[in-house]
Amino acid sequence: MKNPIYSASFITAGKKWVPVSPYFKKNVALRGEVRRAMLHISSLGVFEAKINGVRVGEDYMTPGWTSYYKRLQYFTYDVTDMLQGRCEIVVGVGNGWYSSRGGFIHTKDGMYGEFPALIAALEIEYKNGEAETVVTDESWLVARSECLFSGIYDGEIYDATVVPVYENNAEILDFDKSVLIPLEGECVREAERVAVKEIIITPKGETVLDFGQEITGTVEFKLTARGGETVRLLHGEVLDSEGNFYNANYRTARSEIVYTARAGEQSYKAIYTFFGFRYVKLLNWCCEVKREDFVGIVLHSDMRRTGYFSSGHAKLNQLYSNVIWGQRDNFLDVPTDCPQRDERLGWTGDAEVFARTASINYDTEKFYTKWLRDVMAEQFENGAIPRVVPDVLRDEKNQCSAAWGDAACVIPWELYLAYGNKRLLREHIPLMKKWVGYQYSDGAERYLWLGGKHFGDWLGLDAPVGSYKGSTDPDLIASAYFYLSTTLLIKALDVLEMKSERYKRMAERIRKAFQKRFIKRGRLTSNTQTAHVVTIHFGLVDDKPELKERLGRRLVELIEANGDRLQTGFVGTPYLLDTLTEIGRADKAYTLLLQEKFPSWLFSVNMGATTIWEHWDSVNERGEMWSTDMNSFNHYAYGSVASWLYGTVLGIKPTSPAYATFELSPIPNRALGHARCCIETRSGTVRSAWAYGDGEIRYTFEVPEGTRAHLKLTDGTDRLLDGGKYTFITPID
Ligand code: BGC
């Protein structure tokens, strides 16, 4: 039977109150004792529902962000215990992603519509066997709420002195109900409460709260007021070099709470938006500022944590913590690039490079599955993938970049590797095929992807002055990714026992064409670290071991010529350490991992980072900020390094889906002293640890029952391990 929500109507308060968030109210006269009551609810905008004054459910930013014109989730709550003899439903709806401005800089209009709307159905079964369904329609009343404005980028304006008056009836909004789908993703929940670490009075005399950690969410505050005073809270990620409040890097996002108090004691937290912040500047605070009156509320998609890492190297542990926070802060219903400035968009490239790390840290299956369905819904006819999903940029020329669009093949494959779900993989095949088909048909050459409009090795440090794009030839990157996606498609088709011959022939031809075009006299035509990384790591010279070795040596030379430091951007960085390991130079990978001089991962740690920065030099050695136009302190892309911690430092690598079989090939390093990690896989918990001792390294492993591990230690030990716990000791000089 179809869910009763399909018989409800979308209701609104119309345009007249924009930008005030409306309340919708319905009093249901109960006909008897209730056996069961279910509320099915969704909105254009984000809703908070209350029954008899009590909040329904624990979810935030509902119904989440999907490609609203094509897919809109509804939530179902069992509200039986909430009816208690009477039933007054009040639902507030804020602009959320639907009618907030968004989708980048300078946009003024709502992303999908001008004002929010609600749709709901309350199914009631009475103990006497009768049943009724109450649906949203014109009989619902509307009132202006205390929330005078809400916006994803701009925050909330809230007047607690407002008394909502229900004088009007709701209006029906004609919006296609067939887009409604039951909840697919992970719900956004309150994950943690963070206390204020310090109240800072800055050199400029500003009062700033420091939460000690960059978080995504909101601040709940308490205050006692005479009534009518307006306080303001501004959010920021860092202080400037003088220690003053700074948020010029939020660009046009106001990220502000403006709160007008009523008389007496009260508390407030924004519910229709979220902020990315570590610092909060208070303006016009009407009473004494006390630490205990503020708490940071961490919001993110409620995924299960599955990966853990620690070592004897404090800075590395901080880097790992920054990766985890980077994920928590950017997995708020969709994988965003950043949670603070006027973007917060589902950039496909960022999602692609972080997917492996993300799926070890947390169980991401539901989260990515929902998002991939939006990727499928937004894929253009010709197979191109929009740069952001949901596609609010709506770029008619279907601009689409290599490495970004490749999320279409990389993420389905990573999900399959991590969780082994064949049904899902099958669901993703059309997406993967269409994407590979697009790469094949775009540009003049069939087996190379030439001339597209790409982001290149985004933010690579070898970028020409004034450009964001590293100097690696974008055609080389695009053609390498074309090969990668084709090989992933082949793997997927083979697993599903579907025909793959055509793609096998295609991959062979791409490889040949790639070598012909981009390798001249044994050298890559693009002499950059990133060019070497993608060529080696994607397998483009696997058929020529000598050439591979030579390119590997060249990669090491390039790193050494740069003072043992990287130069890579979004494309090269995620695979840099893996590539070095693959060519037998894990020692160099460690050098880069533990490098503290700029540019390096630990440079940001030394500069006090609590999340992963967008630029290697978001703040440079002189303490100066990268320009304000693109400088996020919370971009997870470079956090993709964590997969190397799990996969090489501790050596856990799946060799079949869901870790039914896996490798245990740790490569210890004395600088860490000891290291351990555990991954709660679908096949059980895998543990790997090692510690340097007196003249020995002691390894301990746990292999889940029913799985098998291939142990390979650096001293040549090579064994198969069945379920159980193991200790190995190898002597060292
Ligand atoms: C975003 C990135 C994104 C890039 C693509 C930026 O503005 O923040 O993370 O991938 O644009 O060009």
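The values are calculated or read from the model by the stated rules, or taken from the named source; none is laboratory data. This is a predicted model, so every value here is computed, not measured. As a convention, Cβ positions derive from the backbone with ideal geometry for all residues, glycine included, and neighbour counts pool all protein chains shown. Each accessible area value is taken on the protein alone, full model and side chains, heavy atoms only, with ligands, DNA and RNA left out. Shrake-Rupley method; radii C 1.70, N 1.55, O 1.52, S 1.80 Å.
The test for being part of a helix (DSSP H, G or I), crowded, with 22+ Cβ neighbours inside 10 Å and within 16 Å of the ligand (Cβ to nearest atom) does not hold for G276. In this structure, L415 qualifies as outside any loop (DSSP other than H, G, I, E, B) and in the same structural domain as G326 (by TED's automatic domain parsing).
Within the range 460-491, the set of residues being out of contact with any Lys or Arg (no Cβ under 8 Å at 6 or more places or on another chain), within 14 Å of the ligand (Cβ to nearest atom) and open to solvent by less than 40 Å² (accessible area, probe 1.4 Å) comprises G470, I477. Among the candidates S150, S145, S100, S178, the residue that is open to solvent by 10 Å² or more (accessible area, probe 1.4 Å) and polar (S, T, N, Q) is uniquely S178.
Given the options H532, H537, name the one that is in contact with a Leu (Cβ under 8 Å, 6 or more places away or on another chain) and free of Cβ contacts under 8 Å to residues at least 60 places away in the same chain. Being in contact with a Leu (Cβ under 8 Å, 6 or more places away or on another chain) and free of Cβ contacts under 8 Å to residues at least 60 places away in the same chain holds for just one of H532, H537, which is H532. Scanning the range 310-331 turns up no residue that is outside any helix (DSSP H, G or I), outside the structural domain of F274 (by TED's automatic domain parsing), under 19 Å from I152 (Cβ atoms) and open to solvent by 10 Å² or more (accessible area, probe 1.4 Å). Does K50 meet the test of being of a type outside the set (D, E), open to solvent by 60 Å² or more (accessible area, probe 1.4 Å) and closer than 30 Å to P339 by Cα? Here the answer is yes, as K50 does meet what is asked. The residue list A609, A637 contains one member that is away from the ligand (no atom under 16 Å from the Cβ) and closer than 25 Å to E352 by Cα, which is A609. Residue count for the range 316-334, restricted to those that are within 12 Å of the ligand (Cβ to nearest atom) and either farther than 15 Å from T611 by Cβ or among the acidic types (D, E) (or both): 0. For the range 402-424, the count of residues that are surrounded by 20 or more Cβ atoms within 10 Å (Cβ to Cβ) and under 19 Å from Q515 (Cα atoms) is nonzero.
For the range 7-37, filtering for residues that are outside any loop (DSSP other than H, G, I, E, B) and in contact with a Ser or Thr (Cβ under 8 Å, 6 or more places away or on another chain) leaves 11.
Residues that are farther than 30 Å from V533 by Cα and either surrounded by fewer than 20 Cβ atoms within 10 Å (Cβ to Cβ) or within 16 Å of the ligand (Cβ to nearest atom) (or both) within the range 358-377 comprise K366, A377, listed in sequence order.
A351 meets the conditions (1) away from the ligand (no atom under 16 Å from the Cβ); (2) among the small types (G, A, S); (3) out of contact with any Phe, Trp or Tyr (no Cβ under 7 Å at 6 or more places or on another chain) in every case but one. The failed one is (1). Here is a check on your reading of the model: is G651 crowded, with 24+ Cβ neighbours inside 10 Å, on the phi > 0 side of the Ramachandran plot and more than 14 Å from the ligand (Cβ to nearest atom)? Yes. Within the range 249-266, being of a type outside the set (V, I, T), touching a strand residue (DSSP E or B) at 6+ places or on another chain (Cβ under 8 Å) and either within 17 Å of G155 (Cβ to Cβ) or touching a residue at least 60 places away in the same chain (Cβ under 8 Å) (or both) holds for N249, Y250, R254, S255, E256, Y259, A261, R262, Q266. Screening the range 352-393 for residues that are of a type in the set (G, A, S) and more than 20 Å from K433 (Cβ to Cβ) and picking the one that is nearest to the chain's Cα centre (by Cα) gives A358.
Selection of the range 618-634 for residues being part of a loop (DSSP other than H, G, I, E, B), surrounded by fewer than 24 Cβ atoms within 10 Å (Cβ to Cβ), within 16 Å of the ligand (Cβ to nearest atom) and of a type outside the set (S, T, Y) yields W626, N631.
Could you tell me whether any residue of the range 527-547 is within 16 Å of the ligand (Cβ to nearest atom) and within 30 Å of the chain's Cα centre (by Cα)? Yes; the residues of the range 527-547 include at least one that is within 16 Å of the ligand (Cβ to nearest atom) and within 30 Å of the chain's Cα centre (by Cα). Taken together, the criteria exclude I429 from residues that are over 30 Å from I679 (Cβ atoms), in the same structural domain as L558 (by TED's automatic domain parsing) and assigned to a helix (DSSP H, G or I). Of everything listed in (1) over 30 Å from H615 (Cα atoms); (2) buried (at least 22 other Cβ atoms within 10 Å of the Cβ), the single unmet condition for R509 is (2).
A residue that is in a helix (DSSP H, G or I) and within 16 Å of the ligand (Cβ to nearest atom) can be found somewhere in the range 388-407.
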